[in-house]
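None of the figures in this text is laboratory data; all of them are computed from the coordinates on show. Quick caveat: nothing in here was measured; it's all calculated off a predicted structure. Neighbour counts are summed over all protein chains in view; Cβ atoms, including those assigned to glycine, are modelled from backbone coordinates with ideal geometry.
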Amino acid sequence: MYYCWPQGRRTMLRNYARVLPEASERERRRIARRSLANYLRYMVEFASSGHLSPEQRLAVGVETPGFDGVDRGMEQGRGVLVAPMHFGNWDLAATNAAARGYTLTVVGESFGHPGLDELVVGGREALGVRLVKMEKVGPSLVRSLKRNEMVATLIDRPLREGGVRVQFFGEEVEVPAGPARLALHTGAAIGAVAFPRRGAGRIDVFANFDLDFEPSGDNDRDVQALTQAIMTAHEAYVRRYPEQWYMFREFWEAHTSGDPSKGH
């Protein structure tokens, strides 16, 4: 797929030029291939995860303190909001969270093909995860958090509405403002989370609930500052495991730097 998808390949290499500016062209190509391979592994694991037994679902997550932040947030009684990226295997993480007994609502995108959409929704709900479509989130997420449940929404998804501008790897990007806005509105604990693959059907769990953020009382300023703190935490995850970030579209605006993909 890497060699037969020139547009995706060029886009990945432009993105990795921002993430790995000191890496050689050869190294960026190697990481881009590994990223695509990891994404395809993620798809296979998601397709087969519905057949996992409860014991296997519980064993998905490598033993880490990654859920400690979730438990601390639950103790506050206002719910927990987790903001992952397209990184590692977030669906196995949801499977593991449900197996651990957390009530989890996931915000998902709709697919253009109805059959595919139904398949993906059914697959996630079979794992004990409640799925809410992005276009229908509304008050349902607020109710989930008020019940002291967990809500997950990807923060590096394409924008359908106004976003917020932050710095990511030294350049400006626009990402969804929804996670920060929802956390500030409800008082929910919020964390930047990542789930790097640790082999077939296994993940690690990273969670940063100690974000570098202090509310100012100015809502717009606080939404931007909290989103920046989330993205700064994700920058550390991507630096550590660049081959596990799946970004096959332009993440940075084309005019923000020179074209680092020339010759690809």
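Rounded, prolate or oblate: which fits the chain when a ≥ b ≥ c are the square roots of the eigenvalues of the alpha-carbon gyration tensor, with rounded for a/c under 1.5 and prolate only if a/b beats b/c?
oblate
If r is the Cβ-Cβ distance from ARG100 to LEU159 and R0 is 30 Å, what FRET efficiency results, to the nearest 0.05? Approximately 0.40, to the nearest 0.05.
The trypsin sites (Lys or Arg not before Pro) of the stretch 42-90 include none that meets both criteria, a DSSP state outside H, G, I, E and B (loop) and at most 14 other C-beta atoms within 10 angstrom of the site's C-beta.
Of the trypsin sites (Lys or Arg not before Pro) found in the stretch 186-220, those that fall in a DSSP loop while having at most 16 other beta-carbon atoms within 10 Å are ARG198, ARG202.
Charge tally for GLU45 (other residues, Cβ to Cβ under 11 Å; Lys, Arg +1; Asp, Glu -1): +2.
Assuming 0.36 nm per residue, please report the length gained on full extension of the stretch GLN7 to HIS51 beyond their Cα-Cα distance. Could you put the intermediate results ahead of the total?
Values: separation 44, 0.36 × 44 = 15.84 nm, distance 3.46 nm.
Here the answer is 12.4 nm.
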